[in-house]
Structures are given as C-alpha cells and as structure tokens.
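Heads up: the structure comes next, in structure tokens.
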Amino acid sequence: MGVYVVTGSASGMGRAVVEKLRGAGHTVVGVDLRDAEIVADLSTPQGRRTAVDGVLAQVDGRLDGAVLAAGLGPTPGKERPRLIYEVNFRGVVELLDGWRAALADANEAKVVVFGSNSTTTTPMVPARAIRGLLSGDVEKALRAVRIFGKNSPAIAYAASKIAVSRWVRREAVTARWAGAGIRLNVLAPGAILTPLLEKQLSTPSEAKLINSFPVPIGGFGDPGRLADWVVFMLSDAASFLCGSVVFVDGGSDAYFRSDDWPKAVPLRRIVHYLKRFRGFDPTR
Ligand code: NAI
C-alpha cells in the first residue's frame with residue numbers, strides 16, 4: 001500500500017480522491033484550510049512552508065504520489081487574481097519542489113496536478129501573465145490581467161492553470177523529475193459539480209455563462225468519476241504517462257480546438273535536440 005499526499009482534501013474532487021485512496025487501503029495525508037491532517041493556507045509563503053514540512057514530518061521521507069487539487073475558482077473580487085495565482089500556481093510548484101526528494105525516494109512516484117479546460121477555452125489570456133508566473137514575477141502577471149476589470153479573475157484563473165500545466169510539461173521530462181523516476185502529469189477537468197462550481201452557479205451572471213458553455217455530451221461532470229481518473233493516473237497502469245495533460249471535459253476542448261492539436265513539432269526543436277543531446281539520456 002502507498003503513502004500519498006492530497007491538497008484540497010476537504011472538498012470536491014480532492015476529497016473524493018482521498019476517499020477512494022483510503023478505501024483501497026492507502027495512507028493519505030490531506031492538506032487544506034480546514035478538516036485536514038495538515039491545516040495550511042497555501043496562499044501564503046508561510047502556509048506553503050507549513051504544508052511542505054508538515055507532510056514530510058508525517059511520511060517518513062517517502063511519498064508514492066501527490067495530488068495537487070487545492071484551487072480557487074474565478075469568483076469576482078479585486079484581490080481574487082492574486083489569491084488565484086498564489087494558490088493555483090505557487091501552491092503547486094513550491095509544494096512539489098519541497099516534496100521532490102521524498103517522491104524520488106519511492107519507486108516510480110506519480111504526481112497528478114489539477115489543471116482545467118479553461119486553459120484552452122478561455123479567450124485573450126495574455127502571454128505576459130503566463131510568462132510572469134513561470135518566471136516568478138507575480139506582480140507582472142497581475143498587471144497583465146488588470147485591464148480586464150471585473151473579468152480579471154476569470155483571465156487570472158485561466159493564466160494560472162496554463163502556467164501550472166506548462167510548468168508540469170517543462171519539468172516532467174527533466175533529470176530532476178523523469179530522471180528521478182517521478183511521473184508528473186496534469187488532469188484537466190471541465191465543469192464538475194463540486195462546491196467550487198456550485199459557488200459560481202449561485203451568481204446569476206456566472207450561471208448564465210456556465211450554462212451556455214458548449215459541452216458536447218451535455219451536463220456537468222461527477223467528482224467521483226474524476227477521482228477515478230486520478231486514481232488511475234497514480235496507478236502502475238500510468239507508468240508510461242509523463243508530461244501529459246489529460247482532458248476530461250465532456251468534449252468542450254475538442255469542440256473549440258479540434259484542429260489546433262496534435263500539431264507537428266517545429267523543425268528548429270528537432271535541430272536543437274540533435275545538437276544538444278546526440279541521443280536522449282533522461283538523467284542529464
Ligand atoms: P473545491 O472548492 O470543492 O475544493 C477545493 C479545495 O481547495 C477546498 O477544500 C479548499 O478549502 C481548498 N483550498 C482553497 N484555497 C486554499 C488555500 N489557500 N489553502 C489550502 N487549501 C485551499 O474545488 P474542486 O472543484 O474540487 O476543484 C479541485 C481542483 O480542480 C481545483 O484546482 C480547481 O481549480 C480544479 N478544477 C475544477 C473544476 C470544476 O468545475 N469544479 C473545473 C476545472 C478545474
């Protein structure tokens with residue numbers, strides 16, 4: 001049986017994952033603002049440190065997997081974009097950096113980060129916001145979304161999920177992660193009926209947008225079913241999965257982006273690879 005950490009363990013999909021893992025006999029350390037083994041506020045550096053250290057103290061130096069489900073949705077508010085960046089981006093990257101050695105200590109540890117299909121279905125997300133987050137400049141990322149006024153939380157939300165998905169894909173293939181035997185992947189849900197979505201649906205203007213959004217198979221997703229995907233992505237069956245973004249969204253991404261991907265790799269990337277590596281060695 002394995003030892004896992006799940007952030008956002010008190011509600012929605014994180015909670016459903018905890019129930020499934022514990023039901024299968026695994027040990028799970030939950031991290032959340034309340035009702036968790038480690039109570040920590042991931043929107044602050046101190047809270048993130050508490051989460052990193054608190055989990056390491058409970059797992060005896062080894063983690064078989066980590067699920068990063070804590071997240072804030074795009075509800076209105078002037079301070080919301082900053083909180084979204086802190087929790088949805090830094091609350092993933094800093095925690096994973098802190099737990100990396102414990103994950104490397106396990107045999108083929110698996111990490112599942114919650115992205116979102118807002119990454120490919122939200123228009124006009126400024127590249128500067130994504131670059132700002134990836135380069136550690138949150139102020140730049142905040143300036144980039146300010147011009148969107150009351151819509152800035154929705155844009156910041158998509159930016160946070162694009163940045164965290166790109167971070168996973170960049171890091172997944174490196175010596176630090178793939179080379180250390182750790183599989184990093186993203187699960188990108190569509191609209192799933194959890195307290196996060198229920199909160200959005202309670203605001204009439206947001207409800208109108210959500211209900212008119214195209215979902216080819218119709219309706220909302222079920223948190224328990226999404227948790228099944230997470231459990232699968234933590235299992236041996238997923239040992240060849242590395243740096244993937246798995247969309248489970250009823251078809252919305254395919255509806256908007258059917259011809260954008262798969263896309264041939266640009267020649268310059270192949271030339272760069274041939275010059276730099278002369279054969280791929282994941283430990284370099
Ligand atoms: P939820 O709101 O039911 O659960 C999120 C959990 O994160 C809560 O327990 C909350 O306390 C915790 N959290 C929030 N801020 C925190 C903080 N500062 N420190 C520690 N914990 C904090 O949400 P849900 O729907 O289960 O979402 C899980 C993940 O899936 C999130 O990352 C969300 O962005 C993502 N997602 C959700 C979708 C949906 O339709 N529900 C769609 C696409 C992505």
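Since every read-out is calculated from the coordinates, none of them should be taken as a lab result. Values in this document were obtained by computation on a predicted structure and should not be read as measured data. Please note: Cβ atoms are built from the backbone with ideal geometry, for glycine as well, and neighbour counts cover all protein chains shown.
Under a Cβ-Cβ cut-off of 12 Å, what is the net charge of the residues other than R128 that fall near it, where Lys and Arg count +1 and Asp and Glu count -1?
Result for the local shell: +2.
Pairs K140/K199; K150/K199; K78/K161; K110/K140; K78/K140: which exceed 21 Å Cα-Cα?
Violating the 21 Å limit, Cα to Cα: K140/K199; K110/K140.
Can you list residues from other chains, or at least 5 along the same chain, whose modelled amide H is less than 5 Å from the amide H of A188?
When sequence neighbours closer than 5 places are left aside, the close amide H contacts are G115, V246, F247, V248.
Which of rounded, prolate or oblate describes the range 182-264 when judged by the alpha-carbon gyration tensor and an a/c cut-off of 1.5?
In terms of gyration-tensor shape, oblate.
Under the definition of Cα pairs under 8 Å and six or more residues apart, what whole-number percent is the relative contact order of the chain?
19 percent
If each of N211 and E37 carries a label point 7 Å out from its Cα toward its Cβ, how far apart are those two points in nm?
Label at N211, label at E37, 4.2 nm between them.
What are the equivalent ellipsoid semi-axes of the chain, built from the alpha-carbon gyration tensor (square roots of five times its eigenvalues), in whole angstrom, biggest first?
Rounded to whole Å, the semi-axes are 27, 24, 20.
In the range 152-269, if the dipole is taken from +1 on Lys/Arg beta carbons and -1 on Asp/Glu beta carbons about the Cα centre, which of V230, T174, G218 is farthest to the positive end?
T174
For the peptides 178-185, 194-201, what is the packing order when you average, over each peptide's residues, the other Cβ atoms within 10 Å and list the highest mean first?
178-185, 194-201
I need the phi-derived Karplus couplings for the range 119-130: 6.51 cos²θ - 1.76 cosθ + 1.60, θ = phi - 60°, integer Hz, Gly and Pro marked x.
4, 10, 10, 9, x, 6, 6, x, 4, 5, 5, 5
Listing M13, M233 from the residue with the fewest other Cβ atoms within 10 Å to the one with the most, what is the order?
M233, M13
At 222 nm, what helix-only mean residue ellipticity would the chain give, in deg cm²/dmol to the nearest 500, using -39500 (n - 2.57) for each DSSP H run of four or more?
The per-residue figure over the chain is -13500 deg cm²/dmol.
I'd like the Karplus ³J(HN,Hα) series for the range 64-75: coefficients 6.51, -1.76, 1.60, θ = phi - 60°, whole numbers in Hz, and an x wherever there's a Gly or Pro.
3J(HN,Hα) across the range 64-75, in whole Hz: 7, x, 9, 10, 9, 10, 4, x, 10, x, x, 6.
Sorted by mean Cβ packing within 10 Å, highest first, what order do the peptides 263-272, 2-11 take?
Going by the mean number of other Cβ atoms within 10 Å, highest first, we get 2-11, 263-272.
Can you work out the Karplus-derived ³J(HN,Hα) for every residue in the range 101-108? Use 6.51 cos²θ - 1.76 cosθ + 1.60 with θ = phi - 60°, whole Hz, and x for glycine or proline.
Values per residue, Gly and Pro as x: 4, 5, 5, 5, 6, 7, 8, 6 Hz.
If one computes the Cα centroid of the range 84-111 and of the range 11-79, what distance in Å separates the two points?
11 Å
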